[in-house]
Structures are given as structure tokens and as C-alpha cells.
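So the structure is just underneath, and the comments pick up after that.
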Amino acid sequence: MAQEAQKEKSMILQKEMIEGLFNDLANAKELGKKVCYTFIPGNLSELIQTFDMLIVYPEINALQNAMRKKSGGYIKEAERNAHSEDVCTYVKCDVGMMMKGNIGPTGQKLPEPDVLLLSYTGCFTFMKWFETLKREYPNATVIMVHTPYQENAEITPEMTQYMVKQFKEEVIPKMEEVTGIKYDEAKLKRHLKLSAEAEDWITKIFDTTKHKPSPIDAYFAGVYYIGPINIGFRGTQKAVDYYKELYKEIQIRIEKGLGPITPEGEMKEEKYRLVVEGPPNWTSFREFWKIFYDMGAVIVASSYTKVGGVYDYGWRHNPDRPLETLAEYCMNCYTNMNIPQRIELLKKCIVDYKADGYVTNSIKSCNSFSAGQLGMMREIEDSLEVPVGFIESDLVDPRYFSYSNIKNRLESYFQMLEQRKKMEKETAAV
Amino acid sequence: MKELNELIETCKNYAFDLNFTKAKEWKEAKKDRVLVGYMPIYFPREIIHAAGGMPVGIFGGGDNKQIIKGDAYYQSYICHIPRSIMEIALDKHMEHIDGFIFPSICDVIRNLSGVFKQQKIGKFVKYMDFPQNFLPEIGGVFYQQEMEHVLKYIKEINGKTPSTDELNHSISLYNRNRSLIEFIYKIRQEFPWRLSIEDVYNIVRAGTVIPVEEHNSILEEICEHIKENIGMPQDKIKVVVSGAFCEQPSLGLIRAIEEAGCYVVDDDYMLGSRMILGDIDASSNNPLEAIAHAYINQSQYSSSIYDVHNPKENRLAKIVKDRGADGVIFASASFCDPSLLDAPIFQNAFDKMGIRYIAFQYSENINQYKVIKEQVGTFSDSIKLWEDDTTVLA
Ligand code: SF4
Ligand code: SF4
């Protein structure tokens, strides 16, 4: 039987933050707060905070519902209402939840949106999703922010200007109108400064996987670590405090030479270091993770933890250029990078964190991630001669998590890694 | 004037030539000519024409191309068109095409642009981000910059920058092209038996792979033919087909819908060729601005355009009404997110509006469609049976 997860101070802090957020949402009316629905990639957290709005992230509800085993029912509900089996299951989980009364993952009712802020970064489904939501919430104010794709592996001044103009002429005036609060650039700058601070910390945290053994798992635990920075706390002191605390805890682990914490306690032996591309499966998250830690596999970097921002190359929010920096942030999220950029980033992770292997978890219903992954995998295999593994699952649809298939595939993959290690040892000995 | 059958046959041969021979011949006839391939849905072909190039529509391999290499690039749960485009590219059918444009329509096409870059296919690869902001001074300006980027790539190949006159001339040629196509649809709205939808499809699709001047003269001849009272009316209902804007149904499936009892009086198969409604200003001092403004103000609704200020369900309902259609057939390519995610929006609205519809999925390489044919036949029968029902729009 799985042991209770060990709780560190940072975990408790995070739990409190999230509970607080859902409590505030449940009481939004009483608190007199306006509610803004938006998405994680390209979220304009600091700007929303400047207008004192509360934020709902539909993806977070979907994944939380999946972890609480509620998503299957919601998805079926949406499918009964003309939603196809083959589209993004986040959308269906959200639509199903709405149809069943919009009770959020914590059991509290979610408030209706005053604003639907579609920052539309890196995924077309977001657009379709909000077209659907707009029909459910006809009174909400829709704010569309078009984030240009980094198609040529660059952010040009024209792209930034296009976004800044949208902020100035559409986003900010509409937010002022809905909230009755005047845009306060000084306030925005204060949030941006705190964002940059949190971003420094989180970069340092994910960089600790350079150690052997790695003190953290940058995928399975990584998804918890990115929580605060992604779900509305970026730009607050709370997030900075959380990351400082987390970093401190990790330092202690490094000093003691400890490996990552898993739901069953400390990982004893680090056998394989992996880089993972693609989101995790949420419906069987624990079982999925267990396959890895049982085999002594630790994830030293993952692309999924970069969906809410890529900080690896040193980019940070810059309070001196408030609107420009927001624009660059949106354009700089992982799925807004073109395929060659994604390959470069993953290769950098494999090299920097001395990974033994590269695994793709291909998500059935997420084209934004999945389309192109096979070519990426081949190029990474060819150029770095690193063993690659491939598994398939889904985000929140329990029907597409086949435990035995995934386990079999991963076991063969780990055997391959083992063999490769043996051969390397033999060659080194000669 | 050529016989109608002969014209249609010519178009069919052009439309499904996966070697793009006509484009190749055009390029070889003169120095500095450039071929630019573009994927669905829409691309402002005018600018390529003005820059001394020819736009070439790439709509997948349909059921004419066996997929071997392309499958290695795409998981089974991704639509079919990117793998068939990869197959055509890797089999070197497009060696003579200089550059490729991937219009922003969905994540699959977007990421395919990255795969082309990664594979170094073509002299340039451009993902063309169409604005989702519809203010001329914001989205319009951005769109002009995107077009300038394309022109820069072409200039790097042939050294040419199109003049204002050249751009205006190209705009007027494509205006003519669109109005001739619209004329065909207008005729078919009343006399759908004069030309089958399969023929219309071949005719319009041919225009994506041959010079616009030649297409215009073919269209002119066809329009002359169908002004005549030809063909025999049959007892069929009228429908609009929606959702098949990217990966194309096979010709057999397009034919089967009509054979099963439905005259298709409007569709979005070749949406790009009909995307702009009405003419683009061909006398402007700033033709790129004119193209951008037309896109912003005169576009047909589409799955790739954010629509909340102009709901697509109302726009499709208007097409149904204007065309005098009895219902809608929602045809989506399997795993096509944009089309499938739109379906509930349309269907929920149509349930309320009392517009009848059916929905099915297809794949470009599937040429067995007995079940679909039966479904369409039943749909047609049920509408005929209930044609007195007041909720039917007519
Ligand atoms: S398709 Fe992928 S990136 Fe887009 S909303 Fe769904 S899970 Fe997120
Ligand atoms: S068929 Fe649909 S999902 Fe596939 S590339 Fe075209 S628009 Fe995208």
C-alpha cells in the first residue's frame, strides 16, 4: 500500500495558497471581486492582479478533477452533448463540469466569469474553448489577445508592438470598464518585479537537477512546483516566499545527498536520468509516476514545466518595460515556440542535466504538443545518440491510460538504458 | 469555346496532379519565376502573383497517394493531411516549389511548418499568423507585416518587389476569379443539376494549381455553358456542407453526397478560394492594406477566425437561408480539432433554430463510404417526408 506523501513546509504553503484561492473564488461575490477566466500559457497574471480580479484557470480545474477521478464523468457528459471523442479532453472536462453545475474540484461552486481573457498562446483549442464558454456565459466580457507564434524562432519588435497595441487599446480599457479600476502602471511594475524574483527562484530550483543524485523530480514533482507561478501567484510575495522555502528544502537535500521525494518516500537509488516531453497523464498520475520511481528513473527536466513560461535562457519579466515584457512573456511560452526551438531546448536540457534518455509522453488529444513530436524525437536521437522512449496516454480521459501498455513499454525502455550503461562501462574499462 | 465536359476533365486532371506539373511548366517557361506552396485554408495569393510568383495550393494526397513515410511523422490520432503532405514532400513531388506557407488554422498545420523547417524542405518556410485582432490599426497592420515578410522571402529568390500597380493588377485578377466562382454557386443555387458539386469542386480546386489568368478563362467558358438550361432536375433536397475546409474528402465522397439525394448548394471545401466576400479594392495606393482590410471586414466565417463578435452559427444559418437549403451536413475530417470543436456550437444553435443537420467524419484516404451514403440518403428522405414542416428553412 502506498504510504502517505511526506509533507514539507513548501507543500503546506502551496496547499494553503490553493485552498485560499478556491475559497476566494467561492466567495467572489461577497468579496466584491470580479472574476477572470484565462489560460496558463501566456497568462497575464500581473495585469489581472493590477485590476484586483480573481482568476479561474479552466485547465487547472480539469486536471484537478482528473486527479480526483471526476473527469471521466464530465467528459462523458460533454460527449452526450455533441462533443467529439477526439478533441482536447480538457475542454470536455470543463464543459461537462459546467453542465453539472460548475462545482469546482474542491467541491465549491465556481463563480461565473466577468471576463473571458483569451491570451491564446500556443494552442488553437484555447480559442475554440472560449468560443464555447462565451455561449455559456453571454454576459461575460470577452478580451482576445492574439499572441503571435515564434514561427521564425524569434520575437520581432513588430510582434511585440502588435501585442502592446492590443494591451493598450483593447485589454486595459476593457479591464478598466469591467472592474471600474483605473490602470495603475506603478502597481503593475511592482507585480512584475515580484514575478522576476519568483522566476529567478524557479530557475534555480529546476537547475538543481544538475546534481547527482538529483534532489527533485522535474516532471512529476515539477508540476507541483510550477503551481504557484502558473496559477495566479506569479507577481505576489506569496509566490516568492514559497519558492524561497522550496529552494531551501532542496538545498538541504543536496547537502545530505538525497534523491527526490516520491509519494512513497525518498527515492533511494537514482539509476536513470531522463528528460520528458509532453504533459503528464492526470487520471492515473500516481501509478504513472510510480512506474518511473520504482525503476529508479528520475526526470531531470521536462518541457511541460515550461508551458507557463520558458526561463531557461535567462528571460525574466522586466518592470522597466511593463507592457512589452508581458508581450514577450506570452510569446515565450513553450508551445508558442516552433519545432526546431523546442528541439534545441530539449537538447540543451539533455546535455545540461546529463540525461541518460529522452521520453515522449504523447497526449492523444493535445495537438499543440503532439503534432511534430515524432520528428523531434528522431532528431534528438540522431544528433545526441540518446536512447528515446515513446508512450501514449491522455490528459484527463481515463479511457486512454493503459497501465499495462505503458508499463511494458517503459520496462523495455529501461532495459535498453541498462544495456547501454553496461556497454558504456565496458568501453570505458577497455 | 470548348465543350463543358472537356473543360471539367481538364480541371480534374489539374486538380489532382500531385506532381504539380502545370506549375512546373509555368515556372520553367521564364527566368525568375517562383512557386510558393500554401496549405489550407486561406492565403492572399494576390501578393505572390504580383511578385512574379505563382501560388500553388497543397491540399494533401487524398486517396491518390499511399502513405508510407508520412506515418512515421504523425501519431494515429492526428488527422491525415499532414502525413500525406509529408509523403508528397519526401517523395520529392514538390522539388520545384520554392517556398511554403502554412496559414494559421490549427496546431497541426502550425507544427507542420516546424517539421518542414526541421527537414529543410524548400528555400523558405513561413507560418503565416493571421490576425485575431480585427481593428485595422492593430490587426490590419500586423497582417501587412506578415505579407511583407512573405514578399521579402520571394525577393530573396527573384530580386523582385511588386509595385503598387502590379499588386492592384493581381488583386483585380483574383477579384475576377472569386466573382466567377460565386457566379457558379449562384447558378447552382437555383439550378443545381446544371453542374454537379463534384464538377464544381474540380473546377475550383484546379484554380489553386494553375495560373489565375488561365483559370479565369476556364471559369468564363464554364459560366457561359451553365447559363444555358442544361441537365435534368432531380428530386433531391438542397444542403450546405460545412466543416470540410482543410483535409479534403475524396472525390468519391463528394460525389456520393449528391448521389444519395442532396444537392450541395454551398460548401467550405475550397474555402480559401472563396474566403473574401466581394471584391478587394484594386485601386488603392496601399494594396497590402486593402488586402488586410478585406480580410478583416469581408471574410467568410471560418473555424480559424475567432468569432464571438460575429457568431458563426448565425452566419451559417444565413447561408442556409440565402441558398434556400433544407439542411446542413457537418462533415469533419477525423481528428480535426477546429471542425469538431465547432460542431457542438453549430448543432446546439441549430437545434434551437430548427435547422436540420447530420454529421459524419471522414478521412481523405478513405474511399469506402457506404455508411455515410446511407446516412445522407436517410437525411434526404426524412426532409422530403417532412417538407411541409414549418421549421424547415426554404
Ligand atoms: S490542446 Fe493541449 S495545449 Fe491546447 S488546451 Fe488542450 S491540452 Fe492545452
Ligand atoms: S484537418 Fe483539421 S486538424 Fe488537420 S490540419 Fe486541417 S484543420 Fe488542422
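Read the figures in this text as sums done on the coordinates, not as results from a lab. The model shown is predicted, which means the values in this text are computed figures rather than measured ones. Glycine gets a Cβ as well: all are built from the backbone with ideal geometry, and neighbour counts include every protein chain shown.
In this entry, region A:188-429 is assigned a mean projected area of 13.4 nm², taken as a quarter of its C-alpha convex hull surface. The loop-placed GluC sites (Glu not before Pro) in region B:203-268, going by DSSP, that have at most 10 neighbouring Cβ atoms within 10 Å of their Cβ come out as B:Glu228. For A:Glu392, nonlocal amide neighbours, meaning residues 5 or more places apart or on other chains whose placed amide H falls under 5 Å from its own, are A:Ser362. Once the chain from A:Arg68 to A:Glu411 is taken as fully extended at 0.36 nm per residue, the excess over their C-alpha distance is 120.7 nm. Percent of Cα pairs in region B:21-162 per distance bin of 10 Å, from zero to the largest separation: 12, 41, 33, 13, 1.
In whole Å, what is the distance between the alpha-carbon centres of region A:32-60 and region A:374-417? Going from one Cα centre to the other spans 34 Å.
Could you give the angle, 0 to 90 degrees to the nearest 10, between helix B:370-385's Cα long axis and the longest principal axis of the Cα atoms of chain B? For B:370-385 against chain B, the angle is about 50 degrees.
Here the Debye sum runs over all C-alpha atoms of the protein assembly as shown as equal scatterers in vacuum, and log10 of I(q)/I(0) at q = 0.05, 0.06 Å⁻¹ comes out as -0.28, -0.40.
Put the Cα centre of region B:130-164 next to the Cα centre of region A:194-257 and the gap is 43 Å. The reciprocal of the average 1/r between distinct C-alpha atoms defines the Kirkwood hydrodynamic radius, which for region A:206-278 equals 13.1 Å. At q = 0.10, 0.14 Å⁻¹ the log10 of I(q)/I(0) for chain B amounts to -0.64, -1.32, computed by Debye summation with a single uniform scatterer per C-alpha, solvent ignored.
Considering only A:Gly375, A:Met67, A:Val115, and ranking their Cα positions along the charge dipole of chain A that arises from unit charges at the beta-carbon of Lys, Arg, Asp and Glu, the one farthest toward the positive end is A:Met67. How big is the gap, in Å, between the Cα center of region B:277-340 and the Cα center of region B:1-49? The distance from the Cα centre of region B:277-340 to that of region B:1-49 comes to 24 Å.
Just so you know, the averaged projected area of the alpha carbon convex hull for region A:220-364 sits at 9.9 nm².
For the residue pairs B:Lys186/B:Lys238; A:Lys92/A:Lys238; A:Lys9/A:Lys193; A:Lys70/B:Lys352, the C-alpha atoms sit more than 23 angstrom apart in A:Lys92/A:Lys238; A:Lys9/A:Lys193; A:Lys70/B:Lys352.
Where both bridge residues fall in chain A, DSSP classifies roughly 10% of the beta bridges as antiparallel.
In plain terms, the bigger the Kirkwood radius, the slower the diffusion; for region A:1-119, with that radius from Cα pairs, at 4 °C and 1.567 mPa s, Stokes-Einstein puts D at 84 µm²/s. Overall, the protein assembly as shown carries a charge dipole of about 1640 debye about its Cα centre when +1 sits on the Cβ of Lys and Arg and -1 on the Cβ of Asp and Glu, all other atoms neutral. Annotation note: trypsin sites (Lys or Arg not before Pro) in region B:63-145 located in DSSP loop regions with a Cβ neighbour count of at most 11 within 10 Å are B:Lys92, B:Lys120. By the Cα gyration tensor, region B:166-385 has an equivalent ellipsoid whose semi-axes, rounded to whole angstrom, run 28, 22, 16 from largest to smallest.
Entry note: region A:26-184 has Rg to Rh equal to 0.99, where both radii use alpha-carbon atoms and Rh is the Kirkwood radius.
Each listed q (0.11, 0.13, 0.28 Å⁻¹) maps to a log10 I(q)/I(0) for region B:156-228 from the Debye sum over equal C-alpha point scatterers, namely -0.34, -0.45, -1.32. Restricting the calculation to Cα atoms, chain A shows an Rg/Rh of 0.96 when the hydrodynamic-style radius is the Kirkwood one. Size descriptors for region A:318-430 (Cα atoms only): Rg and Dmax, in that order, 17.9, 59 Å.
Among DSSP bridges having both ends in the protein assembly as shown, what percentage is antiparallel? Round to the nearest 5.
Looking only at bridges with both residues in the protein assembly as shown, the antiparallel portion is about 5 percent.
Dividing the convex hull volume of the alpha-carbon atoms in region B:311-376 by its residue count gives 95 Å³ per residue.
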